[in-house]
Amino acid sequence: MTLSRHRALVIALLYAVLGALWISYSDAAVELFARDSATLTRLQTWKGWLYVAVTALLIYLLVRRALRSEQRLSQSLRQTEERLRLVLDTIPSRVLWKDRSGKYLGGNRRFALDVGLPESAELKGHWDNDLPWHDQLALISESDDLILDGRRKLVEFDAALRSLDGRPFHASVTKAPLRVPDGGIGGILIIYDDITARKAAERQSRHSQKLQAIGELTSGVTHDFKNVLSVITANAELVGRSLPPDSEEATAMSDLLASSRNAAGMVRKLLGFSRQGDLILGTVDLRPVVSDLAPTLSRLLGSRYRLVVSADPEPRLVLVDPDAVEQMLLNLITNARDAMPDGGEIRVRVHGPVTNWERDEPGSPPAHLLGMDQQAAAGEYVAIEVGDTGTGITPEVVDRILEPFYTTKPTGQGTGLGLPMVYGLMHQHGGFVTLRTTPGWGAVFALHFPLLSGTTPLAERRRRTSEGPLPHGSETILLVDDQEEMRRTGGRVLRRHGYTVIEAADGVEALAILRRDPGAVDLVLTDYLMPEMNGAALIRQLRSDGNGVKVAMSSGHAEFNQPPGAAGEKEVPMIAKPWTMEELVTAVREVLDGVR
């Protein structure tokens, strides 16, 4: 028996006892005061009315108290419901619950909006087949049965659903049983979250990891290949200079050198893909870079294509490698041409400053940022857009567009490295790539380069020329490299130009030579990556020993393009591989003369 029923029974019993005592003793009291029957009748009547009045007052007080309690309870329930509704509507997840038949009993507002209802109260009475994803009822029903049958206490899965406007989205769904007082299962509680953005971030993260892994592999392979090219190029130059200019052998050597230069260009492209290329940066206005390339692009495209080049009237300076920009444009325009096999118009536009790449362009699809490992930073950029009127790109292809070796072109017509290379080069320039596309609309790729503040050109790295005789010298050079063919080739070139060359196979051997006779060497030219002791460790040890000999480093790894010296020293001069005979002897002379 509950407390309220107990109190009601006590009150009823008390009322009965008091009523019995009143009836018993009030009649006796009335007879004491009655002189005749008329007086007795009047007193009995007054006694009855008094009983009725007291009883009515008591009932009134009890009922009023009960009503006030009920009112307070009802108000408390409404406040509780409002708080619960506020909590449910604040939860970022979608929450709903339904009975065993599948009829909705309630849910939060986020879920109601998902299914096209303005308020959560309107969910009651609806069924699963009223949902936008009613074509997936089999999946919904199967997971419901696992809960209702008691086979599972919790069901979790990801589902591909659609919103009211037909937009596909991914949901992470959790289902649990709703228990009734006797412990049975009276229905199902369902919670799901829209994880579309998370799924996209995961895909892009995987793409970035693939790019990084293949980039590291590419960097290692190209480092070894640079050594091979250095040997081929330098020895071909040495042999070629000793042959009669018009001989067939000299022509063969010339062809060999041309092929080695082409191979060096291929290495540079691979390093651009791996985001480790050796860029030659300078302060550049992109407008003439694009306009000067236009005639070449027109010849590349042919008569079926119309190239339209436009640019803002004001110059906008950026720090770029013009050759790399041309390389990226050639890739993008080739892709645009291939997207329009029957011909069409290709638009190239230079404009800026761009401060918000996400801003919607009238009549164009939203922009995609390609690659999430590098977020587009706030600031001002100069953009080169390459647009076509082709077939457009599907969302599935956009998701994989930066995957190395992924291509939609027929076999033999595409390597799948063009766009990853463009992305890698833009990463090196501190910029980013965006894409606007949808099937049937075409595609617009945009390269965003950080805008330089002011107009003062920055210092540019020297581009070598072949004008004039090659420099000679008579100094002693300690050549340190773990690859014997590189030591032989470098020594051969340097000796041909007057130098005395001492060779060492690693840093340990070189250090022993220098400690035996510290003043015998004028320059230490060391490779970076070597067993036992690498080039940087060798230089640090020399400085620690107090040996002030001049040093230079040679490496095919672009990330060591400017290896730092010991604390308080300037950067170590770098001779990048693959080097030609001209580049090697010129760099050595500049280091010895203090120019570098």
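Any read-out appearing in this document is the output of simple, stated calculations on the displayed coordinates, not a laboratory observation. What you are looking at is a predicted structure, and each value in this text was computed from that prediction instead of being measured. Virtual Cβ from ideal backbone geometry, glycine too; neighbours counted across all protein chains shown.
Observations on the model:
- Pairwise FRET efficiency - Gln71 versus Thr355, Cβ, R0 = 56 Å, nearest 0.05: 0.40
- Computed from the Cβ-Cβ distance with R0 of 41 Å, the FRET efficiency linking Lys124 to Ala197 stands at 0.85.
- Glu81/Lys103 FRET efficiency (R0 22 Å; Cβ-Cβ; nearest 0.05): 0.60
- Top positive-direction residue, dipole computed over region 1-99 with Cβ charges, set Gly19, Leu43, Thr80: Thr80
- If the segment from Glu345 to Trp46 were pulled out straight at 0.36 nm per residue, it would be longer than the present Cα-Cα gap by 96.6 nm.
- Annotation: extensible slack from Arg151 through Ala56 equals 28.2 nm (criterion: 0.36 nm per residue apart, minus Cα-Cα distance).
- Taking packing as the residue-averaged number of other Cβ atoms within 10 angstrom, the listed peptides 301-314, 62-75 run from highest to lowest as 301-314, 62-75.
- Extension gain, Thr174-Val397: 0.36 nm per intervening residue step, less the Cα-Cα distance, totals 77.2 nm.
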